[in-house]
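Values quoted throughout were computed directly from the atomic coordinates according to the rules given, and no laboratory measurement underlies them. The structure presented is a predicted model; accordingly, all values stated were derived computationally and were not measured. Don't worry about glycine lacking a Cβ; one is built from the backbone with ideal geometry, like all the others, and counts go over all protein chains shown.
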Amino acid sequence: MPQIKRERPTFATAHNFHKTGTHVRFSPEHAVSDEERKAIAEEAFVELTRLLKEQFPRSANLEYAILKSHLIVEFAITDYIRCVSSVLVDLADLRRFSFAHKLEIAYLMGLGVTDPLLLPSIERLNKIRNQVAHTFVLDRSLVDEMLRVNSEDYVDFAVKDDRERVRRLRWLCNLVAGKIAAQVQVHIFHSSEEWRSQISDRLKPD
């Protein structure tokens with residue numbers, strides 16, 4: 001189904017329905033075209049790539065890197081919701097939701113449901129960020145566990161210092177952002193006219 005861009009129904013809509021007896025449930029002008037959806041997703045991907053390149057800190061300050069990672073991942077989750085939602089969503093409308101609420105909405109829309117690492121890693125990042133933002137203590141064991149489950153050296157995982165933690169966190173931030181962007185692309189393709197046409201062709205009898 002294409003993404004809808006009509007106004008949200010109100011009581012005025014309800015009263016008008018009773019007065020006129022009609023309500024157009026769907027028409028082409030109410031839909032975001034496949035090209036528009038791809039353009040929105042591409043714009044989001046370009047901005048996410050820029051954030052990853054320019055905003056992730058160059059220093060070895062782990063607390064600062066955690067805060068920046070959290071902001072970058074939140075940007076990716078917000079754009080996932082915007083790109084995958086059945087209704088075209090304004091970014092301003094999503095800003096009123098907390099990180100945890102956005103993550104829950106994204107999960108209900110399919111983010112990370114088939115990935116054993118993505119959701120737990122994002123939830124852990126949020127927990128660590130809250131610890132950094134609201135207390136004077138950072139539990140590095142929480143950071144190390146998050147890094148370990150995403151590491152190729154899971155069995156022999158070890159980190160020497162915060163510099164290495166930041167390096168691994170940069171890699172993880174890129175991985176999470178990449179996975180989210182990839183899921184957006186898959187969803188857009190699977191809801192496109194091109195995909196529906198391919199399925200229709202496959203189902204035609206020989």
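Side notes on the structure shown:
- Exposed loop sites, defined as chymotrypsin sites (Phe, Trp or Tyr not before Pro) outside DSSP H, G, I, E and B with at most 16 other Cβ atoms within 10 Å, are absent from the longest region of the chain, namely 27-96.
- A straight chain from Val137 to Leu108 at 0.36 nm per residue would run longer than the Cα-Cα distance by 7.2 nm.
- The chain: radius of gyration over Cα atoms, expressed as a fraction of 2.2 N^0.38 Å: 1.25
- Between Ala158 and Tyr64, the modelled label-to-label distance comes to 2.9 nm, taking each label 7 Å out from Cα in the direction of the beta carbon.
- Cβ-derived FRET efficiency at R0 41 Å, Glu36 paired with Leu175, nearest 0.05: 0.90
- Additional length obtainable on full extension of the chain from Lys127 to Gln55, 0.36 nm per residue less Cα span: 23.8 nm
- Proximal aspartates and glutamates to Lys127, defined as alpha-carbon separation beneath 17 angstrom and excluding residues fewer than eight positions away on the same chain: Glu63, Glu74, Glu104, Asp139, Asp144, Glu145
- Mean residue ellipticity, 222 nm, helices only, the chain: the sum of -39500 (n - 2.57) across DSSP H runs of n ≥ 4, divided by residue count and rounded to 500, is -21500 deg cm²/dmol.
- Coil-residue trypsin sites (Lys or Arg not before Pro) of the stretch 141-185, DSSP, other Cβ within 10 Å capped at 12: Lys160
- For the stretch 33-203, size of Cβ-based charge dipole, Lys and Arg +1, Asp and Glu -1, in debye: 520
- Among Ser69, Leu118, Ala92 - extreme Cα towards positive end, dipole of the chain, charges at beta-carbon: Ala92
- Label positions at Val46 and His190, each projected 7 Å from the Cα along the C-beta direction, are separated by 2.7 nm.
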